[in-house]
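**Student:** I have a structure I would like to understand better, so I am pasting it below and will then ask my questions one at a time.
The values are calculated or read from the model by the stated rules, or taken from the named source; none is laboratory data. Quantities reported herein were computed from a predicted structural model and do not represent experimental measurements. Cβ atoms come from the backbone with ideal geometry, glycine included; neighbour counts cover every protein chain shown.
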Amino acid sequence: MAERGGERGGFGRGFGRGDRGDRGGRGDRGRGDRRGGRRGAKRDEEEKWVPVTKLGRLVKDGKIKSLEQIYLFSLPIKEHQIVEFFLGSALKDEVMKIMPVQKQTRAGQRTRFKAFVVVGDNNGHVGLGVKCSKEVATAIRGAIILAKLSVIPVRRGYWGNKIGKPHTVPCKVTGKCGSVTVRLVPAPRGSGIVAARVPKKVLQFAGIEDVFTSSRGSTKTLGNFVKATFECLLKTYGFLTPDLWRETRFSKSPFQEFTDFLAKPHKISVVEDVEKTPVY
Amino acid sequence: MKESDVQMMLAADVHLGTKNCDFQMERYVWKRRSDGIFIINVGKTYEKLELAARVIAAIENPQDIIVQSARPYGQRAVLKFAQYTGCQAIAGRHTPGTFTNQLQNTFSEPRLLILTDPRTDHQPIMEAALGNIPVIAFCDTDSPMKYVDIAIPANNKGKHSIGALFWLLARMVLQMRGTISAAKPWDVMVDLFFYREPDEGKDRDEEEAGAAEFAAVEYPAPALGMVGDAQWGPEAAEAGQWEADASAVATGAVPAGVPAVEWTGAAVPAGAGWDVGAAPAAAPPAGWETAAPAAPAGWEPAPQ
């Protein structure tokens, strides 16, 4: 496995571009072939995803049917393309805030921008990403990736009669971050999301239609406020309700199920890396 | 559980714990000795070894298992274990992030982790916890059990102990897989798994030269407990004792049949006694056939 790690492309390791330079030497044949057909090398890089983790490989080859399978085994998701693969089109993102943060140096202040991005598919999956960077655009991009990495399933339930689809939180849940605590309370259909602007956005992305909220603490700090609601939603699937009392029927983890597939050495895609040479 | 295995474990001091006892290890402790050392119940050690071996054998692809040891005493054992079972071995420093940082060269996602000491190998344990990797570890009486899924109670301080344990584990795994037959003793020596001091190699070469004559002379008169390395000095004395006990014991020992075959070359008076006596030193008869290399170092501490 150590050897496989050394041959993977995709993310920039160590020196990034410099590293790919000498691998470009090996892929010379490829370079000749591809050059004619390609336009923007950057676009190509985004399309061709070379999985680095086992989970990534399984997902790319379609061995995993849904995100829920990954959640079932609590497998850490390290590649955002995994999430894009399942939720891609439905996933919308929203930048909640760009916060300039400063550090004092002897030559003045060093300003960086912190971006809070919420990502979601209005139907049970939300993600929250926070990234700080010298440029706003980079921060937003980074935050979107982190948000996708952190996508969580949200459990919805009913307020009263179980007619139609679940529309609210299954029970009262509360989340805390810093001094901010956010409490979500199940609401009857038609109430809508009764919350402040910030958590409202998060809850909309989660796919919750009706909910009452109550918050406490310094909700002015958007960072903590949004993290608190996110944590709250995390807990919806952590709560044991009577309908979950049935004993779990354990199934094989995807790593065990597909161990033969994973044992096969995967393609070393050197060619893709070569495309990152300057676009003329 | 064969008596020979138990004797080997005792000879290797597998049962000796430390002066402290972690509360979770209390269930494996037999008794506290008068000088404060806790004695581990070797029977339980064997059971946990079997459990661990079952888990290891159940992993379809052995390359997904990583055996690790930061401490020098366990490094050779770990490498040999990996060689015989097909796992991956990491000897020496565990680079932080090997299981969590996907951008690293040495990134690997094992399905199982085997460690020699949860205290010194705490870094891999922490990373395994982050990566959903179950952990098997040899735990001493004072070892922290946090995040250890299968703890094998044993002495992880002595080099003989660590070597013997890995040897036993490897043998069990191979037997469960069917690569080895359980009826015959394993032809690989335990000594192969013991840690060797770096300067020991030099002494050996000198003695090997002198021992060639020794072997020819001493061979027909079996000196009990002579097999093995220099380190076996004190143990050799014990081995001699075992032999005394063993011969008193009924010679109808199970392994009697097979080793007898292998002994046809040598003239051995107490044939059956050898089977049991040879076990603590754990050098199988095959070691004698080649004579010279194995024999020499054990000469000095001769408990004649």
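Table: residues versus (1) under 20 Å from the mean Cα position of the chain (by Cα); (2) in a loop (DSSP other than H, G, I, E, B); (3) away from every other protein chain (no Cβ under 14 Å).
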position	(1), (2), (3)
B:Lys48	yes, no, yes
B:Gln75	yes, no, yes
B:Phe107	no, yes, no
B:Thr120	yes, yes, yes
B:Ala129	no, no, no
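**Student:** Please find, within the stretch B:1-46, the residue that is surrounded by the most Cβ atoms within 10 Å (Cβ to Cβ) out of those that are part of a helix (DSSP H, G or I) and of a type in the set (Gly, Ala, Ser). Step through it out loud before you land on a result.
**Tutor:** First, the residues of the stretch B:1-46 that are part of a helix (DSSP H, G or I): B:3-11, B:23-28, B:42-46.
Filter again for of a type in the set (Gly, Ala, Ser), leaving B:4, B:11, B:43.
Values: B:Ser4: 21, B:Ala11: 26, B:Gly43: 14.
Only one residue fits best here, namely B:Ala11.
**Student:** Being assigned to a loop (DSSP other than H, G, I, E, B) and closer than 27 Å to A:Leu244 by Cα is the filter here; which residues of the stretch A:193-221 pass it?
**Tutor:** Of everything in the stretch A:193-221, those that are assigned to a loop (DSSP other than H, G, I, E, B) and closer than 27 Å to A:Leu244 by Cα turn out to be A:Gly207, A:Ile208, A:Glu209, A:Asp210.
**Student:** Okay, next question. In this structure, is A:Leu67 more than 14 Å from every other protein chain (Cβ to nearest Cβ), under 19 Å from B:Gly131 (Cβ atoms) and modelled with pLDDT of 90 or more?
**Tutor:** Values: more than 14 Å from every other protein chain (Cβ to nearest Cβ): yes; under 19 Å from B:Gly131 (Cβ atoms): yes; modelled with pLDDT of 90 or more: yes.
Spelling it out, A:Leu67 is indeed more than 14 Å from every other protein chain (Cβ to nearest Cβ), under 19 Å from B:Gly131 (Cβ atoms) and modelled with pLDDT of 90 or more.
**Student:** If I go through the stretch A:217-258 residue by residue, how many of them are crowded, with 17+ Cβ neighbours inside 10 Å and within 14 Å of another protein chain (Cβ to nearest Cβ)?
**Tutor:** 3
**Student:** Same structure again: Among the candidates A:Gly62, A:Gly32, A:Gly37, A:Gly88, single out the residue that is under 16 Å from A:Ile145 (Cα atoms), modelled with pLDDT under 95 and either more than 14 Å from every other protein chain (Cβ to nearest Cβ) or touching a strand residue (DSSP E or B) at 6+ places or on another chain (Cβ under 9 Å) (or both). First the steps, then the outcome.
**Tutor:** On the way: A:Gly62 fails: under 16 Å from A:Ile145 (Cα atoms); A:Gly32 fails: under 16 Å from A:Ile145 (Cα atoms); A:Gly37 fails: under 16 Å from A:Ile145 (Cα atoms).
So the residue among A:Gly62, A:Gly32, A:Gly37, A:Gly88 that is under 16 Å from A:Ile145 (Cα atoms), modelled with pLDDT under 95 and either more than 14 Å from every other protein chain (Cβ to nearest Cβ) or touching a strand residue (DSSP E or B) at 6+ places or on another chain (Cβ under 9 Å) (or both) is A:Gly88.
**Student:** Give me a count of the residues in the stretch B:88-103 that are touching a residue at least 24 places away in the same chain (Cβ under 8 Å), more than 17 Å from A:Lys54 (Cβ to Cβ) and within 12 Å of chain A (Cβ to nearest Cβ). Reasoning before the result, please.
**Tutor:** At the first step, the residues of the stretch B:88-103 found to be touching a residue at least 24 places away in the same chain (Cβ under 8 Å) are B:88, B:90, B:94, B:96-100.
From what's left, more than 17 Å from A:Lys54 (Cβ to Cβ): B:90, B:94, B:96.
Narrowing further to those that are within 12 Å of chain A (Cβ to nearest Cβ): B:90.
Of the residues in that region, 1 qualify.
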